[in-house]
Amino acid sequence: MKRIALIPLALCACKYADFTLPPPDSAGPKAPFHWEGSPEPVLSRGDWDSGDVLNPSVVRFHGEYLNYYSGYDGRTWSTGLAASNDGIHWTKRGRILSPDAANGSAVVRGEEIFYWYQTGSPVQIALKGSIVLKTGPRGSWDEIGVADPYVIERNGKFYLYYLGMDRARRQRLGVARSRDGVVWEKLIANPILELGASGAFDEMGLGEPAVWSSGGSYWMLYTGRARGEKRRIGLAKSPDGVHWSREPLVIEGTSDWDREVVCDPTVELLPEGVRVWFGGGDRPRPDQGLHGQIGVGMLR
């Protein structure tokens, strides 16, 4: 059976530091990437998740895929769990965190599964019921909210990429690091990726980062918000996990079910490329009611 980490959470004050990630892996896929998306969703709405099914976070554990995804029932967001042998055909196992616990990131460490998620008002990032990444001080780039965690582990440390929102309601991306997943140091130089230029697909906001290392670089897929709330997924590249530049690739929906929104990437590095699970919807809304479902595709 899976175990979600339960550890003492008395210490949760955030510090600040200047850091970069360890050197990226030299092997594996690299740009230019070509996107191949699924024409149909692989995880759809149901009972308690009848409003939206979004924000997949997929890990391999004891020979199967586990998908910690966000479901909306018309009133509140919760985290559900689905399982699969191949990452395509899923069986739902029900709601596991509720209410107001969603948009999370699962990481396997040994025999434990750590799951960070956003919760509360102002929105902040929690682990097992306690806030571990708080909003920043007055006037900071993440003063109003921190959300959309995506955690990777490198050389024994966790690195958490996240959305920060300031008092002007600008949504940009930053990073923090931790040895135990509880006590975090935010990068002094945050944010690490700014809003896109006027008219760009990401001019109105950035969110939902997904980061991996291959081909001598770090890579990030992230959701970009355009005017009118149409959303697409962009790609950025970094030599050190901190300094990022945009790549030309922009992923958008090509089917009826994801024609207005493509968002929420989570990735698996495979020999043949990068598998991406993502959320999609046919209504361009800023929060819920997208008719959200989860699809899968490949970057090759």
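Only the coordinates and a few stated rules stand behind these numbers; no lab work does. Keep in mind that this is a model prediction, so the values were computed, not measured. Note: ideal-geometry Cβ built from the backbone for every residue, glycine included; neighbour counts use all protein chains shown.
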Original post:
From the Cα gyration tensor of the stretch 183-300, with a ≥ b ≥ c the square roots of its eigenvalues, which class applies: rounded if a/c is under 1.5, or else prolate if a/b is larger than b/c, or else oblate?
Top reply: oblate
Original post:
From the square roots a ≥ b ≥ c of the eigenvalues of the alpha-carbon gyration tensor of the chain, which class results: rounded (a/c under 1.5), prolate (a/b over b/c), or oblate?
Top reply: rounded
Subject >> Gain upon complete extension [SER121, ARG179; 0.36 nm per residue less C-alpha separation] >> reply: 18.2 nm
Original post:
Each residue of the stretch 153-164 in turn: what ³J(HN,Hα) in whole Hz from Karplus with 6.51, -1.76, 1.60 and θ = phi - 60°, glycine and Pro shown as x?
Top reply: 10, 9, 6, x, 10, 8, 10, 10, 9, 7, 8, x
**OP:** Beta carbons within 10 angstrom, averaged per residue: use that to sort the peptides 216-228, 35-47, 284-296, highest first.
**Re:** 216-228, 284-296, 35-47
**OP:** Kindly flag which residue pairs out of LYS30/LYS157; LYS92/LYS157; LYS186/LYS230; LYS157/LYS237; LYS186/LYS237 have an alpha-carbon separation exceeding 28 Å in this structure.
**Re:** LYS92/LYS157; LYS186/LYS230
Subject >> Potential extension, ARG227-HIS34 segment - 0.36 nm per residue separation minus Cα distance >> reply: 66.9 nm
**OP:** Compute the FRET efficiency between GLU112 and LEU249 as 1/(1 + (r/R0)^6), taking r as their Cβ-Cβ distance and R0 = 35 Å, and round to the nearest 0.05.
**Re:** 0.55
**OP:** Distance from a point 7 Å along Cα→Cβ of SER44 to each backbone N in the stretch 256-280: keep the residues under 17 Å and list them by number.
**Re:** 256-259, 279-280
Original post:
ASP100's amide H: which non-local residues (gap 5+, or another chain) put their own amide H closer than 5 Å, with H modeled 1.01 Å from N in plane and none for Pro or chain starts?
Top reply: TRP77
Original post:
Residues in the stretch 158-176 near a label at ARG138, defined as backbone nitrogen under 18 Å from the 7 Å Cα→Cβ point?
Top reply: 166-169
Original post:
Quick one: putting +1 on the C-beta of Lys and Arg, -1 on the C-beta of Asp and Glu, what dipole do you get for the chain around its Cα centre, in Debye to the nearest 20?
Top reply: 620
Original post:
Length gain on complete extension for the stretch ALA189 to LEU270, per 0.36 nm per residue less the alpha carbon to alpha carbon distance?
Top reply: 26.0 nm
**OP:** Mind jotting down the distance between the C-alpha centroids of the stretch 166-245 and the stretch 77-124, whole Å?
**Re:** 21
**OP:** Would you please give the residues with an amide H less than 5 Å from that of GLY181, counting only those at least 5 places away or on a separate chain, with H modeled from the backbone geometry?
**Re:** PHE158
